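Everything on this sheet refers to the single structure shown next.
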Amino acid sequence: MDRTAWIVVALCVVGLVVWEIYLVKQTPPRPAPVGVAPGQSSPTTTPAILVPSPTPVAEATPSSGESAPSFAEKIETLRNSDVELRLTNRGGGIKEAVLLKQVAEKGQSVILNSDKSAPIGALIEQPSSPTLAEFTASPESDSAVRFESTTPEQVVIRKKFFFEKSPENKDNYVIEMDVDLENRGDKPYQSGGYFVALGSAAPIHPKDYPSYTRLVWCIDGRAKGIDVGWFGSSSGFLGVGQRVARPYYQENIA
């Protein structure tokens, strides 16, 4: 080859090396622990995606302690031919969603969300130091489960998880959540806002690039999503696009 060809090959090799270094640096940081009762927290978990209410609260300092749950965890199951939902009384949400027809490593089913992170659908006041209250579960039928909890301010939180009724098989993956709030106290209740946990993301295969692990959601029929590389710090490319690590992602849906 002539000199020009060798220069092109050398530039390609350098570009590949730089790209691999860039991908390695896209590792997400350790997220805040998820608590199970006020003043307590569970072991460190994977990054969670949180969607705030119209007026999100200020960030608090994460708790670093670890403690056992103050109440026994109870699991309720909803299932159709494609998805099995494991709902927990810790926060009243979806602990895991098992995709029965999707295969991961070693022939196991693909599982969405981590059993150590905030349940999908949990209402959280402080995403940097979340706590999960105890809910009472009431299976309504084979396709619906209700949860109820009362806050110290006498605000009753009711949730209902159920599969959407549809003749289309593709809608078997659609799960609906209804939330009702009732103030039973003798004073008006004021809140600085809350966040709704949408779950965590984890690699399906051991050698997946960080950019392959992502969470996608829909707001008003429009799909949005981010990969876990968004959370990690980055030195950028040739000094351009530098950023520090980000502990959580929030999306305002107001």
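The values are calculated or read from the model by the stated rules, or taken from the named source; none is laboratory data. Computed from a predicted structure; not experimentally measured. All Cβ positions, even for glycine, are placed from backbone atoms using ideal geometry, and neighbour counts span all protein chains on display.
Data overview
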quantity	calculated
Residues of region 111-168 that turn out to be of a type in the set (D, E, K, R) and in contact with an Asp or Glu (Cβ under 6 Å, 6 or more places away or on another chain), as a count	5
All positions within region 130-176 that are without any contact (Cβ under 8 Å) to a residue 40 or more places away in the chain, of a type in the set (S, T, N, Q) and in a strand (DSSP E or B)	SER138, SER141, THR150
Candidate set from region 117-129 (those that are part of a loop (DSSP other than H, G, I, E, B) and touching a Pro at 6+ places or on another chain (Cβ under 6 Å)); member that is surrounded by the fewest Cβ atoms within 10 Å (Cβ to Cβ)	SER128
Single condition ARG184 does not satisfy, out of (1) free of Cβ contacts under 8 Å to residues at least 24 places away in the same chain; (2) loosely packed, with under 13 Cβ neighbours inside 10 Å	(1)
Yes/no for GLY229 being modelled with pLDDT of 80 or more and in a helix (DSSP H, G or I)	yes
Residue satisfying all of: in region 93-116; within 20 Å of SER141 (Cβ to Cβ) and touching a Gly at 6+ places or on another chain (Cβ under 7 Å); surrounded by the fewest Cβ atoms within 10 Å (Cβ to Cβ) among these	ILE94
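Residue-by-condition table, conditions (1) touching a residue at least 24 places away in the same chain (Cβ under 8 Å); (2) at positive phi; (3) in a loop (DSSP other than H, G, I, E, B); (4) within 15 Å of the chain's Cα centre (by Cα):
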{"position": "ALA72", "(1), (2), (3), (4)": "no, no, yes, no"}
{"position": "THR77", "(1), (2), (3), (4)": "no, no, no, no"}
{"position": "SER81", "(1), (2), (3), (4)": "yes, no, yes, no"}
{"position": "GLU96", "(1), (2), (3), (4)": "no, no, no, yes"}
{"position": "LEU100", "(1), (2), (3), (4)": "no, no, no, no"}
{"position": "LYS106", "(1), (2), (3), (4)": "no, yes, no, no"}
{"position": "ILE111", "(1), (2), (3), (4)": "no, no, no, yes"}
